[in-house]
There are 2 protein chains.
Amino acid sequence: MLYIIGLGLGDERDITVRGLDAVRSCHKVYVEAYTSLLSFGLASDGLSRMEKLYGRDVVVADREMVEERADEILSEAVDSDVAFLVVGDPFGATTHTDLVVRAKKMGLKVKVIHNASVMNAIGACGLQLYHYGETISIPFFTDTWRPDSFYPKIQKNRQLGLHTLCLLDIRVKEPSLESLCRGRKCYEPPKYMSIHIAINQLLEIEETNGGSAYNAETKCVGIARLGNDDQMIVAGSMKELLDIDFGPPLHCLVIVGETHPVEEEMLEFYSIKS
Amino acid sequence: MLYIIGLGLGDERDITVRGLDAVRSCHKVYVEAYTSLLSFGLASDGLSRMEKLYGRDVVVADREMVEERADEILSEAVDSDVAFLVVGDPFGATTHTDLVVRAKKMGLKVKVIHNASVMNAIGACGLQLYHYGETISIPFFTDTWRPDSFYPKIQKNRQLGLHTLCLLDIRVKEPSLESLCRGRKCYEPPKYMSIHIAINQLLEIEETNGGSAYNAETKCVGIARLGNDDQMIVAGSMKELLDIDFGPPLHCLVIVGETHPVEEEMLEFYSIKS
């Protein structure tokens, strides 16, 4: 049996009781370390705190391991119970759906244990989940690569009066260009997109496209460390949010659409007071 | 302090370890019993199983109690810790956002503990969460009331190639018309919309509107008891799904938009095999 268990958004204690029981019953436990990160992933004692609560050795599976050695992990689950722990909810990222597909093709039993993810916990900012349009991802711009495929999606959401959740790029364990050229892998330090970078990139793309989807005065909500004790939520225009220090990652951003009274009341609590 | 704690989608064991610790530290514990229901809400021993695991007496708060006596509940949280347990995630329903707003206006400290909800666990059907458009709710039609405000939303999602999550009506503790006329409240038995009723209503509305947003051949995914051990997921055309017995509630439905390869592979597992 392969268990794919969501860890939620905070630390090791955000696993569900059902998930904890499953982990403790497993022979082997992996934790993914690439689609996102937990606050305890940043802390130096994160892994040991996990192992202590879960009562199991936990093997960190980075992107390479999951992509290159998935069959190995899956074959272990043929004769014994294996847990694959995932930040947020198991179906938050395509990679895990792919893992489920491979497991099912092998005839493995798969049990998914759900948890909170940014896709529903974003409700915390006060905007109702059913008033969101398509979710977009904003990648880091480079000198030569400034993709804008998210722009028409924002435009459509705004035409429909819907909110847009912007997921911000995370680059963990990316091979450095230099190391690739030398033929051996070295990794760039991890990089998490801040709300400031996201807004600057959004404004640049708006200027290039000129589609008037939004501008520096457009109301947004910046959210840092969603679901953690030090979560920070601030509502204001893009320009105003550029003046806010949101602190450490992870950050995400919501571009606000048309609002209903109860949404406005909630945003009021998070507004920048002049 | 007011804790608003998500219970997730299954039973009492889907609470997070963080949530469980919070409940056990509280002086008074309420559980909401109206926006949705847990599988243990249907089982006769549901409440006692909850009380056993949580180690606390749990007061069931129905819709009337929350709407009429919210101030009372909140005032208890001024001097002691009160937990308000919510099926799914705390921000899945407007009612809880409203409770947070009222609490914050009273100057109460509010701590939210997130969990899975249909809004993210729906990823289990294999369609990627960021390819969904606006979520719609389908209410029970009556002889005289056949609302279709969801129709243009589906139409727009489909024009954009996006999936549409349809939340199906739940009617719990609705006063019966007869009892209202007699001046004392009696309640209708609980009523949960099935996938069959939803599809029939959708097809009726399509016929009335004639907007060609979808038809009996449109690919959908029917999901029953999402996140529970006896969860059932079937992909097929609207017409095909009308022949499937999805069993007990809760049901929901996804109208499939344009699909990507990994989505198609997952849907294949859930397809009706001829």
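The values are calculated or read from the model by the stated rules, or taken from the named source; none is laboratory data. All values derive from a computational prediction rather than experimental measurement. Don't worry about glycine lacking a Cβ; one is built from the backbone with ideal geometry, like all the others, and counts go over all protein chains shown.
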B:Ala224: passes all of (1) among the aliphatic types (A, V, I, L, M); (2) surrounded by 18 or more Cβ atoms within 10 Å (Cβ to Cβ); (3) within 14 Å of another protein chain (Cβ to nearest Cβ) but (3)
Reported set for the range B:101-136 where residues are farther than 25 Å from A:Leu167 by Cα and more than 7 Å from chain A (Cβ to nearest Cβ) is B:Arg102, B:Ala103, B:Lys105, B:Met106, B:Gly107, B:Leu108, B:Lys109, B:Val110
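Every residue, every condition in (1) in contact with a strand residue (DSSP E or B) (Cβ under 6 Å, 6 or more places away or on another chain); (2) surrounded by 15 or more Cβ atoms within 10 Å (Cβ to Cβ); (3) modelled with pLDDT under 90; (4) aliphatic (A, V, I, L, M), yes or no:
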position: B:Gly55; (1), (2), (3), (4): no, no, no, no
position: B:Met65; (1), (2), (3), (4): no, yes, yes, yes
position: B:Arg69; (1), (2), (3), (4): no, no, yes, no
position: B:Ala77; (1), (2), (3), (4): yes, yes, no, yes
position: B:Phe84; (1), (2), (3), (4): yes, yes, no, no
position: B:Asp89; (1), (2), (3), (4): yes, yes, no, no
Of a type in the set (Gly, Ala, Ser), under 22 Å from A:Glu268 (Cβ atoms) and at pLDDT 90 or above: which single residue out of A:Ala213, A:Ala224 fits that description? A:Ala224
Can you pull out the residues in the range B:16-32 that are closer than 12 Å to B:Asp89 by Cβ and not in a strand (DSSP E or B)? B:Gly19
Positions within the range B:206-258 being assigned to a helix (DSSP H, G or I) and touching a strand residue (DSSP E or B) at 6+ places or on another chain (Cβ under 9 Å), in sequence order: B:Met238, B:Glu240, B:Leu241
Those residues of the range A:169-205 which are surrounded by 14 or more Cβ atoms within 10 Å (Cβ to Cβ), at pLDDT below 95 and either among the hydrophobic types (A, V, I, L, M, F, W, C) or not assigned by TED's automatic domain parsing to the domain that holds A:Lys219 (or both), in sequence order: A:Ile170, A:Val172
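Just to be sure I understand, how many residues within the range B:101-126 are hydrophobic (A, V, I, L, M, F, W, C) and on the phi > 0 side of the Ramachandran plot? It would help to see each step written out before you state the result.
Filtering the range B:101-126 for residues hydrophobic (A, V, I, L, M, F, W, C) gives B:101, B:103, B:106, B:108, B:110, B:112-113, B:116, B:118-119, B:121-122, B:124-125.
From the residues that got through so far, the ones that are on the phi > 0 side of the Ramachandran plot too are none.
The qualifying residues number 0.
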So, A:Glu51, is that one modelled with pLDDT under 85, away from chain B (no Cβ under 14 Å) and either surrounded by fewer than 18 Cβ atoms within 10 Å (Cβ to Cβ) or under 26 Å from A:Pro248 (Cβ atoms) (or both) or not? no
Do we find that A:Ser80 is among the hydroxyl-bearing types (Ser, Thr, Tyr) and more than 9 Å from chain B (Cβ to nearest Cβ) in this structure? yes
Can you run down the residue pairs with Cβ atoms below 6 Å, 6 or more apart or on separate chains, where the first is in the range B:11-22 and within 7 Å of chain A (Cβ to nearest Cβ) and the partner is buried (at least 21 other Cβ atoms within 10 Å of the Cβ) and small (Gly, Ala, Ser)? B:Asp14/B:Gly8
Every residue in the range A:189-217 that is more than 16 Å from A:Ile244 (Cβ to Cβ) and touching a His at 6+ places or on another chain (Cβ under 9 Å), please. A:Tyr192
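How many of the residues making up the range B:133-149 are hydrophobic (A, V, I, L, M, F, W, C) and either outside the structural domain of B:Leu203 (by TED's automatic domain parsing) or closer than 18 Å to B:Gly92 by Cβ (or both)?
First, the residues of the range B:133-149 that are hydrophobic (A, V, I, L, M, F, W, C): B:136, B:138, B:140-141, B:145.
Next cut, either outside the structural domain of B:Leu203 (by TED's automatic domain parsing) or closer than 18 Å to B:Gly92 by Cβ (or both) only: B:136, B:138.
Of the residues in that region, 2 qualify.
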State the number of residues belonging to the range A:131-148 that are of a type in the set (Lys, Arg) and closer than 30 Å to A:Pro261 by Cα. 0
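Do you know which residues across the range B:259-272 are part of a loop (DSSP other than H, G, I, E, B), within 14 Å of chain A (Cβ to nearest Cβ) and surrounded by fewer than 18 Cβ atoms within 10 Å (Cβ to Cβ)?
Going through the range B:259-272, the residues part of a loop (DSSP other than H, G, I, E, B) turn out to be B:259-260, B:272.
Now drop any that are not within 14 Å of chain A (Cβ to nearest Cβ), which leaves B:259-260.
Result: B:His260, single match.
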